[in-house]
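The values are calculated or read from the model by the stated rules, or taken from the named source; none is laboratory data. Remember, it's a predicted structure, so these values are computed and weren't measured experimentally. Ideal geometry is used to build each Cβ from the backbone, glycine not excepted, and the neighbour counts take in all protein chains shown.
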Amino acid sequence: MRVWLHRILRLITMMCVRFKRMLFLAGALVALASLPLQAQDDSPDTIYRNGIGRFSEGNYAESARLFQELLSKFGQEPALQTEMEGVYYALGCSLYNLGKYPEAVEVYRSYLTRFPTARYRDEAMFRIGTAQQAQEAYDAAIEAYRQLTDQMPNSPYAEDAAFQVGACCLLKTDYDKAAAAFGAFCTAYPASELTGQALLFMSRAYYEGGKLDKAVDALAVLEGRGRRLSNIVYANFLAFEIGDAAYDDTNYELALRAYRRVQTRESLLRLQRRLVGELQTALETFLTGRIDSQAVAERFRKERRLAGDLDQAQSLLQKLETIPDYDAGLFHRIGRCFFNTDRYWEACVAFTRVVKEARDEALREAAHFDLIMVLSRMRRFEDLIGESDRYLARYEQGNL
């Protein structure tokens with residue numbers, strides 16, 4: 001179970017590096033599109049327009065070639081330096097969307113060096129971070145993100161950058177720093193759409209670092225904020241993992257705190273299918289909406305988050321559909337936690353449910369035997385005799 005949850009973490013945190021073929025032009029490209037077109041085919045204006053056209057079509061290889069040609073021919077022209085700012089930006093975006101991350105990082109760095117007051121300086125910093133993250137160069141990514149949050153804390157990209165610092169720490173298994181980074185994010189951005197995921201990943205970091213009590217505390221804080229559909233499945237199985245770890249450590253009270261946050265598989269499937277449908281509708285509506293060229297960064301941010309949420313939800317749904325029904329195993333462990341903390345009535349209820357609902361014969365037999373044991377502790381002798389007879393009739397080779 002932990003393996004696919006870690007893959008979901010990677011999916012969530014790496015959505016920031018998947019700049020899909022947008023239906024709108026980036027801000028700098030919109031500005032370039034307004035330049036007058038001259039007659040000669042090799043003029044800078046013509047190359048501008050052709051590069052912009054190829055970029056808007058999603059032909060990033062050709063747009064990159066054209067922008068590189070433009071820089072090589074006219075990059076040092078004093079009269080064109082204002083336009084060159086946009087060309088560097090557009091070339092970086094083209095290379096980035098091609099997955100040529102080292103080249104994109106080099107271009108973005110040149111853009112920042114040559115144009116220290118560039119209009120899209122914050123986005124370039126952010127893309128340097130995500131390009132490094134895509135290459136699993138997490139230390140370099142963290143450095144880039146922190147440069148952005150330190151230098152431009154009011155940028156619309158600063159919030160995502162702060163979140164990705166925690167994600168990078170978690171992916172490089174630096175759990176203490178990951179928990180601290182997500183905690184700092186929640187403090188700095190308490191109303192963010194990402195705060196729920198930050199609390200989840202903080203819980204994950206505490207769990208992976210062996211701090212199970214703090215992991216459950218983080219889930220409790222998340223519940224106090226109200227459960228969002230997008231967080232329920234991940235939180236569900238994380239609580240399951242934490243509960244199992246506490247159970248194995250014989251910390252039954254803590255295990256119960258975690259297990260009580262786990263929902264049934266049927267309930268999760270229903271909620272997740274609803275979430276996927278809602279996100280598909282929301283993304284389709286967003287992409288067909290009117291484009292405001294003055295709010296490109298915000299539109300890009302919203303599209304990226306919607307697309308990321310949808311990919312995450314679909315992946316979780318696919319995994320959830322392949323996982324066998326876990327309800328009986330969950331209630332069996334809950335029953336044993338109650339039994340080991342001398343709460344026999346609650347244990348009796350849990351074991352009875354497993355005996356009635358379990359599909360796995362070995363699990364049903366184990367729960368039936370545990371039910372007999374708890375009835376003995378409760379001194380309910382008539383029920384004890386009846387369950388013992390039923391057990392012996394069903395399991396000829398049983399434990400009795």
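Some points to look at:
- Residue count for segment 212-229 satisfying the condition of being of a type in the set (Asp, Glu) and modelled with pLDDT of 95 or more: 2.
- Boolean, Leu199 is within 27 Å of Ala161 (Cβ to Cβ) and modelled with pLDDT of 90 or more: yes
- Note on segment 101-137: among residues that are among the basic types (Lys, Arg) and surrounded by fewer than 18 Cβ atoms within 10 Å (Cβ to Cβ), the one that is farthest from the chain's Cα centre (by Cα) is Arg114.
- Residue selected from segment 135-155 under the condition small (Gly, Ala, Ser) and modelled with pLDDT of 95 or more, by the criterion nearest to Tyr88 (Cα to Cα): Ala144
- Within the span defined as segment 297-309, every residue fails to be among the acidic types (Asp, Glu), modelled with pLDDT of 90 or more and not in a loop (DSSP other than H, G, I, E, B).
- The one condition from (1) in contact with a Lys or Arg (Cβ under 6 Å, 6 or more places away or on another chain); (2) more than 23 Å from Gln312 (Cβ to Cβ) that Ala239 does not meet is (2).
- Selection status of Ile232, at pLDDT 90 or above, in a helix (DSSP H, G or I), under 25 Å from Ala218 (Cα atoms) and in contact with a Leu (Cβ under 8 Å, 6 or more places away or on another chain): no
- Test: residue in segment 217-228 that is in a loop (DSSP other than H, G, I, E, B) and within 17 Å of the chain's Cα centre (by Cα): yes
- Selection status of Ala367, touching a Phe, Trp or Tyr at 6+ places or on another chain (Cβ under 7 Å), outside the structural domain of Leu254 (by TED's automatic domain parsing), of a type in the set (A, V, I, L, M, F, W, C) and in a helix (DSSP H, G or I): yes
- Residue among Ser388, Ser376 that alone is assigned to a helix (DSSP H, G or I), surrounded by fewer than 16 Cβ atoms within 10 Å (Cβ to Cβ), out of contact with any strand residue (DSSP E or B) (no Cβ under 7 Å at 6 or more places or on another chain) and of a type in the set (S, T, N, Q): Ser376
- Members of segment 70-86 found to be at pLDDT 70 or above and within 16 Å of Ser110 (Cα to Cα), listed by number: Leu70, Leu71, Ser72, Glu83, Met84, Glu85, Gly86
- The residue that is surrounded by the fewest Cβ atoms within 10 Å (Cβ to Cβ), among those in segment 138-179 that are part of a helix (DSSP H, G or I), more than 18 Å from the chain's Cα centre (by Cα) and among the small types (Gly, Ala, Ser), is Ala140.
- Residue list for segment 324-364, restricted to those being of a type in the set (A, V, I, L, M), in contact with a helix residue (DSSP H, G or I) (Cβ under 9 Å, 6 or more places away or on another chain) and not in a loop (DSSP other than H, G, I, E, B): Ala328, Leu330, Ile334, Ala347, Val349, Ala350, Val354, Val355, Leu363
- Yes/no for Val276 being out of contact with any Lys or Arg (no Cβ under 7 Å at 6 or more places or on another chain) and modelled with pLDDT under 95: yes
For every residue, the table says whether it meets (1) surrounded by 20 or more Cβ atoms within 10 Å (Cβ to Cβ); (2) in contact (Cβ under 8 Å) with a residue 40 or more places away in the chain.
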{"residue": "Tyr259", "(1), (2)": "yes, yes"}
{"residue": "Thr264", "(1), (2)": "no, yes"}
{"residue": "Arg290", "(1), (2)": "no, no"}
{"residue": "Leu306", "(1), (2)": "no, no"}
{"residue": "Asp311", "(1), (2)": "no, yes"}
{"residue": "Leu317", "(1), (2)": "no, yes"}
{"residue": "Asp327", "(1), (2)": "no, yes"}
{"residue": "Leu330", "(1), (2)": "yes, yes"}
{"residue": "Ala367", "(1), (2)": "yes, no"}
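- Residues of segment 270-283 classified as within 13 Å of Ile232 (Cα to Cα) and surrounded by 15 or more Cβ atoms within 10 Å (Cβ to Cβ), total: 4
- Test result for Gly92, at pLDDT 90 or above and at positive phi: no
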